[in-house]
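A.B. asks: Below is a structure I'd like to ask you about.
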Amino acid sequence: MSDPAPLRGLRVRVTRPAAQAAPLVAALEALGASVFAGALIEIAPPDDPAPLSAALRRLRSFDVVVFTSANAVAAVVDRLAQLGLREQPRALAAVGDATAAAAREAFPGIETVTPPFDAFHAEGLLAVLRDRGAAGRRFLLPLSDRARPVLAPGLRAAGAEVEAVVAYRTVTAAGAAAGADCDLVVLASPSAVQAWTDVVPAEGRRVPAAVIGPVTEAAARAAGLPVVAVARPSTREGLVEAIAAWARGLAPER
């Protein structure tokens, strides 16, 4: 019989705010982990909000608004409110289920396209948008200042007209180094990988890492972090399963 608490005795650093990470924290604690949750990165307004404001004033001129994170959804909603605009997008596209849920909550009733369950990343969304016919269509991409150059060039290569604007900045959070003396760090984005390697001492970079998908995995490996668990699919449940499998493999050593 497998151990029902494979994480017993392990200290896990979850690198998201405690409120956002509550379901993940609960799932890890149920498996026996001691969890410290705290943000590595914080969201800040763009240095220049004018491009986003200008695009949102023409929101209905775009065929599809493409969201790559729930933070982008929140940034757009906030900016629309600041501008006093009530326009709704014609259609939405989202990189995964969590982002799609945020988009549907913000813009109820608007069609939202997502990639398949096993392709929750920018490349997967690009493939779906190409398959649905990108040529001649107008796309608005409200992005992070650290967004990977995947969707905009890919859509343009497919014949689309793309307006990519910075909707928010990611900055290292105060107190980000707290909890670095852990047995496992959980990273959910390339920005989190960058923040972790920026703030932890050298020994922190040797802490085993669990990541939520192939894009974050690639960023973590490129940063030299020892990746021991990768969520497949890229969901909270997939992440917990991957961490549990890794921990069960450690059982003889613990």
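A.B. asks: Look through ALA210, ALA195, ALA167 and report the one residue that is closer than 30 Å to ALA50 by Cβ, in a strand (DSSP E or B) and either touching a residue at least 12 places away in the same chain (Cβ under 8 Å) or in the same structural domain as VAL35 (by TED's automatic domain parsing) (or both).
C.D. replies: ALA167 is the lone residue from the list that is closer than 30 Å to ALA50 by Cβ, in a strand (DSSP E or B) and either touching a residue at least 12 places away in the same chain (Cβ under 8 Å) or in the same structural domain as VAL35 (by TED's automatic domain parsing) (or both).
A.B. asks: Considering only residues that are modelled with pLDDT of 90 or more, farther than 22 Å from VAL95 by Cα and surrounded by fewer than 17 Cβ atoms within 10 Å (Cβ to Cβ), which ones fall in the range 198-220?
C.D. replies: The answer is ARG206, and nothing else.
A.B. asks: Still on this structure, I have one more. Please go through the range 60-89 and give me each residue that is out of contact with any Ser or Thr (no Cβ under 9 Å at 6 or more places or on another chain) and closer than 21 Å to VAL128 by Cβ, ordered by number.
C.D. replies: Scanning the range 60-89 gives PHE62, ASP63, VAL64, VAL65, VAL66, VAL76, PRO89.
A.B. asks: Another question about this same structure. Can you name the residue in the range 126-150 that is closer than 21 Å to ILE43 by Cβ, of a type outside the set (Gly, Ala, Ser) and out of contact with any Asp or Glu (no Cβ under 9 Å at 6 or more places or on another chain) and, of all such residues, is surrounded by the fewest Cβ atoms within 10 Å (Cβ to Cβ)?
C.D. replies: Among them, the one singled out is PRO149.
A.B. asks: Kindly establish whether GLU217 is farther than 30 Å from ALA55 by Cβ and either in contact with a strand residue (DSSP E or B) (Cβ under 6 Å, 6 or more places away or on another chain) or assigned by TED's automatic domain parsing to the domain that holds ALA98 (or both).
C.D. replies: Numbers: farther than 30 Å from ALA55 by Cβ: yes; either in contact with a strand residue (DSSP E or B) (Cβ under 6 Å, 6 or more places away or on another chain) or assigned by TED's automatic domain parsing to the domain that holds ALA98 (or both): yes.
Answer is yes for this residue.
A.B. asks: Condition first: buried (at least 17 other Cβ atoms within 10 Å of the Cβ), without any contact (Cβ under 8 Å) to a residue 40 or more places away in the chain and either aliphatic (A, V, I, L, M) or touching a strand residue (DSSP E or B) at 6+ places or on another chain (Cβ under 6 Å) (or both). Now tell me which residues in the range 230-245 satisfy that.
C.D. replies: VAL230, ALA231, ALA242
A.B. asks: Which one of these does THR114 not meet: (1) in contact with a Gly (Cβ under 9 Å, 6 or more places away or on another chain); (2) over 27 Å from ALA218 (Cα atoms)?
C.D. replies: (2)
A.B. asks: Please determine, by comparing only the residues of the range 10-19 that are surrounded by fewer than 18 Cβ atoms within 10 Å (Cβ to Cβ), more than 12 Å from ALA176 (Cβ to Cβ) and in contact (Cβ under 8 Å) with a residue 12 or more places away in the chain, which one is farthest from the chain's Cα centre (by Cα). Working first, answer last.
C.D. replies: From the range 10-19, those surrounded by fewer than 18 Cβ atoms within 10 Å (Cβ to Cβ) are 11, 17-19; that's our starting set.
Next cut, more than 12 Å from ALA176 (Cβ to Cβ) only: 11, 18-19.
Remaining after also requiring in contact (Cβ under 8 Å) with a residue 12 or more places away in the chain: 11, 18.
Working: ARG11: 23, ALA18: 16 Å.
The residue in question is ARG11.
A.B. asks: Looking at the range 96-133 only, could you name the residues that are among the polar types (S, T, N, Q) and either over 18 Å from VAL150 (Cα atoms) or not assigned by TED's automatic domain parsing to the domain that holds ASP63 (or both)?
C.D. replies: Result: THR112, single match.
A.B. asks: Step by step: first the residues of the range 20-32, then only those that are in contact with a strand residue (DSSP E or B) (Cβ under 6 Å, 6 or more places away or on another chain) and without any contact (Cβ under 8 Å) to a residue 60 or more places away in the chain, then the one that is nearest to THR172 (Cα to Cα). Which residue is that?
C.D. replies: Taking the candidates together, the pick is ALA21.
A.B. asks: Evaluate the following for VAL66: is it in contact with a helix residue (DSSP H, G or I) (Cβ under 9 Å, 6 or more places away or on another chain), among the β-branched types (Val, Ile, Thr) and either in contact (Cβ under 8 Å) with a residue 40 or more places away in the chain or in the same structural domain as PRO214 (by TED's automatic domain parsing) (or both)?
C.D. replies: It is true that VAL66 is in contact with a helix residue (DSSP H, G or I) (Cβ under 9 Å, 6 or more places away or on another chain), among the β-branched types (Val, Ile, Thr) and either in contact (Cβ under 8 Å) with a residue 40 or more places away in the chain or in the same structural domain as PRO214 (by TED's automatic domain parsing) (or both).
A.B. asks: Another question, then. With the requirement that a residue be modelled with pLDDT under 90, touching a Ser or Thr at 6+ places or on another chain (Cβ under 7 Å) and either outside any loop (DSSP other than H, G, I, E, B) or not assigned by TED's automatic domain parsing to the domain that holds ARG221 (or both), what does the range 171-191 give you?
C.D. replies: Matches in the range 171-191: PRO190, SER191.
The values are calculated or read from the model by the stated rules, or taken from the named source; none is laboratory data. From a predicted model like this one, the values you see are computed outputs, not experimental measurements. Using ideal geometry, Cβ is built from the backbone for each residue, glycine included, and neighbour counts are taken over all protein chains shown.
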